[in-house]
Amino acid sequence: MSSPYDPQHAPVGDVGAALMVIDSRLKGIHDGKTETDPEQQALIEQFMASLGPDGADDVLDGACTLIFMFMTWLRKIHEDHDKDVIEYVVPTLVATMRMMPRSVPTEAIPIMAGLVIAAGTGLSPNLWRKQYGDWTEKEMTPLEVTAFLLAEHINRITDDPDFATRMITEALSRSDEA
């Protein structure tokens, strides 16, 4: 039976722009920059402002698509080892977000955990979220953090600091060819 939250009903969004933001954060952390570079942040904000409201919504949908793709990959890897992706990914993700109170307000953590659980069970995270109303400004950074933490988790599993980005880039290239 089909669910209204199945991914085929969801907009894909601007995955490339969302990936650019996440990849930029990953590279910054790997370069030892734990604080956001003000110049980089200004460029990201300028880029987002240039997109307008529809473009910003597309990047938001793109971030949710990234979360779905990351969780799909993680689910397959965990299933190969007879493990439940929710059991092994969500508690660590939540614990990490709890250690980031300036970036992830406590009230945003259940929403981000819900997004990840939805994606981990094969549902569209953005459609799952929309049932609770419009996105709020306070959820934007936690959404970025969620995608970042999933990408970093994948990179650690594969022992490759660029694996998650490369995986998405290759998927985007294959979809362009099709």
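The values are calculated or read from the model by the stated rules, or taken from the named source; none is laboratory data. What you are looking at is a predicted structure, and each value in this text was computed from that prediction instead of being measured. Cβ sites come from the backbone with ideal geometry, for glycine too, and all protein chains shown count toward neighbours. Side chains are part of the model used for accessible areas, which takes the heavy atoms of the whole protein and leaves out ligands, DNA and RNA. Shrake-Rupley method; radii C 1.70, N 1.55, O 1.52, S 1.80 Å.
Add +1 for every Lys or Arg and -1 for every Asp or Glu among the other residues with Cβ under 15 Å from the Cβ of Ile111, and state the total. Write out the running numbers ahead of the final one.
On the way: positive: Arg98, Arg129, Lys130, Lys138; negative: Glu107, Asp134, Glu137, Glu139, Glu144.
For residues surrounding Ile111, the net value is -1.
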>> Leaving ligands and nucleic acids out of the surface, order His81, His30 by accessible area at 1.4 Å, largest first.
In response: His81, His30
> With labels modelled as points extended 7 Å from the Cα through the Cβ direction, what inter-label distance (nm, one decimal) is found for Glu79 paired with Glu170?
Replying inline: 1.9 nm
> To one decimal place, what orientation-averaged projected area in nm² is obtained for the convex hull of the Cα set of the chain?
Replying inline: 11.0 nm²
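Given axes a ≥ b ≥ c from the Cα gyration tensor, I'd like to know whether segment 96-178 is rounded (a/c under 1.5), prolate (a/b larger than b/c) or oblate. Intermediate results must be reported in sequence, preceding the final value.
Working: a/c = 2.24, a/b = 1.37, b/c = 1.63.
Oblate is the answer for segment 96-178, as a/c is 1.5 or above yet b/c matches or exceeds a/b.
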> Remind me, relative contact order of the chain in percent, using alpha carbon pairs under 8 angstrom and six or more residues apart?
Replying inline: 30 percent
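Sort Tyr88, Tyr132 by accessible area with a 1.4 Å probe, largest first.
Numbers: Tyr88 100, Tyr132 145 Å².
If we order Tyr88, Tyr132 from most to least accessible, we get Tyr132, Tyr88.
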> Of the lysine pairs in the chain, how many meet both conditions: Cα atoms under 30 Å apart, and a spacing of 8 or more in sequence or different chains?
Replying inline: 7
> Using a 1.4 Å probe on the protein chains only, how many percent of the accessible area of segment 1-131 belongs to carbon and sulfur?
Replying inline: 57 percent
>> Need one value: the accessible area of Asp14 in square angstrom, 1.4 angstrom probe, rounded to the nearest 10.
In response: 60 Å²
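Can you tally the net charge around Thr158? Count Lys and Arg as +1, Asp and Glu as -1, for every other residue whose Cβ sits under 12 Å from the Cβ of Thr158.
Working: positive: Arg156, Arg166; negative: Glu152, Asp159, Asp160, Asp162.
Summing Lys/Arg as +1 and Asp/Glu as -1 gives -2.
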